[in-house]
Amino acid sequence: MFLGDGWKVEPAGGATGEAYIAQQGDQKVFLKRNSSPFLAVLSAEGIVPKLLWTKRLENGDVVTAQRWVKGRELKAYEMKERKVAELLAKIHGSSELLDMFKRIGNEPLSPEVIVDNLRVQLQLNQVEDDIIETGMAFLASQLNDVSYDHYVVCHCDINHNNWIQDEEEQLYLIDWDGATVADPALDLGLLLYSYIPPEEWEDWIKEYGLLLGESLRERMHWYVVSQTISVILWHYERKQFNEVDKFKEYLHSLLIEDYKE
């Protein structure tokens, strides 16, 4: 209604069902309802496609319009590339993003909060499982060792499908709905464990701008274990038991890896 005549609006897909593509002739924009409140900062820093305008609807919802990017999602093997490390380093190093997040009142996602949240989910879903309990015991036992006070804005869903490259090879990281303030090891662990062979971790982290020390290794491992338990519970709530079994096997392999060390 607020776009004017001649616009064709279609769902853009995605889990939330809140994203749309609007087109009028050669003009094309990406619309989203109730997008991330710091989209303007992400746009200004070139992390997401350019924000064109924001409009508040009568019901209180906020619709944002971004420039439509003609591009493609990264392939899994492309996550090894330097440009991915450099963009993630830019995100984690952004004081503007961090300040914006603090202004809207977000508390950092500390390891203690993660363990407490997982415990609540386990109780709510009445899940009793030996491998999950072993994982939870590992998380609790390592809380002091993974303490880290240099929090950054973490994307929290660095799946290769969220990395978009346009025709000029400009790289963007989209879908910021789950972002939070946390230890950068949260993003780094998920990315490295998912996409980078262990023998290449040191070189990748160097491109990111760090040295791969023992503390970072331990923290990444901790966050991958916690995220794996979270994913198991997500599938458990939806009664997707084949996925539950698959991720329980993965959790088991992570815990065996820890005992080997």
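The values are calculated or read from the model by the stated rules, or taken from the named source; none is laboratory data. All values derive from a computational prediction rather than experimental measurement. Here the Cβ positions follow ideal geometry from the backbone for every residue, glycine too, while neighbour counts run over all protein chains shown. Remember, those area values only see protein heavy atoms, side chains included, never the ligands or the DNA or RNA. Shrake-Rupley method; radii C 1.70, N 1.55, O 1.52, S 1.80 Å.
With +1 on each Lys and Arg Cβ and -1 on each Asp and Glu Cβ, how big is the dipole of the range 1-134 about its Cα centre, in debye rounded to the nearest 20? Numbers along the way, then the final one.
Values: 18 positive and 20 negative charges, 193 e Å.
In total the dipole reaches around 920 debye.
Counting heavy atoms of the protein chains only and a 1.4 Å probe, report the per residue accessible area for the chain as a whole number of Å².
Accessible area per residue: 55 Å².
For Tyr77 and Lys246, what is the calculated FRET efficiency with R₀ set at 30 Å and r taken between the beta-carbons, to the nearest 0.05? Let's see the in-between values first.
On the way: r = 22 Å, r/R0 = 0.72.
Efficiency, from the Cβ-Cβ distance: 0.90.
To the nearest 20 debye, what charge dipole does the chain have about its Cα centre, counting +1 at the Cβ of each Lys and Arg and -1 at the Cβ of each Asp and Glu? Each step should come with its number before you reach the end.
Numbers: 26 positive and 45 negative charges, 214 e Å.
Using only the charged Cβ atoms, the result is roughly 1020 debye.
With helices defined as uninterrupted DSSP H runs, which ones in the chain have an alpha carbon span along their own long axis of at least 27 Å and mean Kyte-Doolittle hydropathy of at least -1.0?
Working: long enough: 214-237 (35 Å, -0.24); 241-260 (28 Å, -0.68).
Span-like helices, by this rule, are 214-237, 241-260.
Return a whole-number percent for the relative contact order of the range 19-58, with Cα pairs under 8 Å and 6 or more residues apart as the contact set.
On the way: 24 pairs, mean separation 9.1, N = 40.
RCO, the range 19-58: 23 percent.
What's the carbon and sulfur percent of the chain's accessible surface, probe 1.4 angstrom, rounded to a whole number? Walk me through the numbers on the way to the answer.
Working: 6900 of 14470 Å².
So the carbon and sulfur contribution to the accessible surface is 48 percent.
In the Gaussian network model of the chain, springs joining C-alpha atoms below 10 Å, which of Tyr223, Tyr151, Tyr77 carries the largest mean-square fluctuation?
Looking only at Tyr223, Tyr151, Tyr77, the biggest GNM fluctuation is shown by Tyr77.
Would you work out the relative contact order for the range 100-204, in percent, from Cα pairs under 8 angstrom that are 6 or more residues apart? Before the final figure, lay out each step's value.
On the way: 80 pairs, mean separation 33.1, N = 105.
That works out to 32 percent.
Can you match mean projected area of the Cα convex hull in nm² to one of these, (1) 18.4; (2) 15.6; (3) 13.4, based on a calculation from the structure here?
Read-out from the structure maps to (2).
Name the long-range amide H neighbours of Cys154: under 5 Å, sequence gap of 5 or more, or other chain; modelled H, no Pro or chain starts.
Thr180, Val181, Ala182
From the cross-link list Lys8/Lys70; Lys8/Lys83; Lys50/Lys83; Lys32/Lys102; Lys90/Lys246; Lys8/Lys75, which pairs have alpha carbons spaced over 25 Å apart?
Working: Lys8/Lys70 18 Å; Lys8/Lys83 35 Å; Lys50/Lys83 19 Å; Lys32/Lys102 23 Å; Lys90/Lys246 34 Å; Lys8/Lys75 30 Å.
Check vs 25 Å cut-off fails for Lys8/Lys83; Lys90/Lys246; Lys8/Lys75.
Given an 8 Å cut-off on Cα distances and at least 6 residues of separation, report the relative contact order of the chain as a percent. Don't skip to the end; give the middle numbers.
Numbers: 341 pairs, mean separation 47.2, N = 261.
The value is 18 percent.
Could you rank the peptides 204-210, 24-30 by their average count of other C-beta atoms within 10 Å per residue, with the highest value first?
Details: 204-210: 17.4, 24-30: 13.1.
By packing density, highest mean first, the sequence is 204-210, 24-30.
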